[in-house]
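The values are calculated or read from the model by the stated rules, or taken from the named source; none is laboratory data. From a predicted model like this one, the values you see are computed outputs, not experimental measurements. Note: ideal-geometry Cβ built from the backbone for every residue, glycine included; neighbour counts use all protein chains shown.
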Amino acid sequence: MVPKAKSEQFLADPDTQASWFERVREAHKTETTEDYVELIADLIEVQQEARLSDLATRLGVSYPTASKVVARLQEEGYIETQPYRAIFLTSSGKKLAKKCKERHQIVLEFLIRLGVDEATAEFDAEGIEHHISEQTLEIMKQFKVPNKS
């Protein structure tokens, strides 16, 4: 039996690798904000209102968790709330929601063009959309599946 050749492992220089991990950590920080703002926009569009209980249920989190995030979003200027009333997006919240929806749609359509079934593509797009560069997003937007001859 001939032993397998040891493959060469690529290891980026420390500064480059650190910048990659820093970017991932930054994406994780904004992921919750983007998920909430995007869902609030969807609820307003479909139900004409977004309520805290709807957010907690649809995001699969407890009411107190959703309440804390909503308070933070209000402090950051993405939403406006009033006690016992619906949640509304500010202009910056609407802008962020639009950007998130566009990014989600580009990733979703790309995955479907690759042949991923719609349910799986929807699930995967939800995770990918928060961790993708503008360059990759632009390439995904332009990508066309070659004709099979």
- Query: What is the residue count in the stretch 54-64 for residues that are assigned to a helix (DSSP H, G or I) and under 26 Å from Ala119 (Cβ atoms)?
  - Reply: 6
- Task: Scan Asp35, Asp124 and give me the residue that is charged (D, E, K, R), in contact with a Cys (Cβ under 9 Å, 6 or more places away or on another chain) and on the phi < 0 side of the Ramachandran plot.
- Result: Asp35
- Does the stretch 93-108 contain any residue that is at pLDDT 90 or above, farther than 19 Å from Asp35 by Cβ and not hydrophobic (A, V, I, L, M, F, W, C)? no
- Out of the residues in the stretch 20-66 that are surrounded by 12 or more Cβ atoms within 10 Å (Cβ to Cβ) and polar (S, T, N, Q), state the one that is nearest to Leu96 (Cα to Cα). Thr33
- Using the structure shown, decide if Tyr84 is of a type in the set (Phe, Trp, Tyr) and under 13 Å from Asp35 (Cα atoms). no
- Do we have Leu73 as in contact (Cβ under 8 Å) with a residue 40 or more places away in the chain and either more than 24 Å from Glu138 (Cα to Cα) or surrounded by fewer than 15 Cβ atoms within 10 Å (Cβ to Cβ) (or both) here? yes
- Of those in the stretch 1-18 that are of a type in the set (Gly, Ala, Ser) and either exposed (fewer than 11 other Cβ atoms within 10 Å of the Cβ) or modelled with pLDDT of 85 or more (or both), the residue farthest from His130 (Cα to Cα) is Ala5
- Return a yes/no flag: does the stretch 77-85 have any residue that is in the same structural domain as His28 (by the TED database), in a helix (DSSP H, G or I), more than 23 Å from Arg25 (Cβ to Cβ) and of a type in the set (D, E, K, R). no
- Query: When Gln135 is evaluated against the numbered criteria (1) on the phi < 0 side of the Ramachandran plot; (2) free of Cβ contacts under 8 Å to residues at least 40 places away in the same chain; (3) not in a helix (DSSP H, G or I), which criterion, by number, is the only one it fails?
  - Reply: (3)
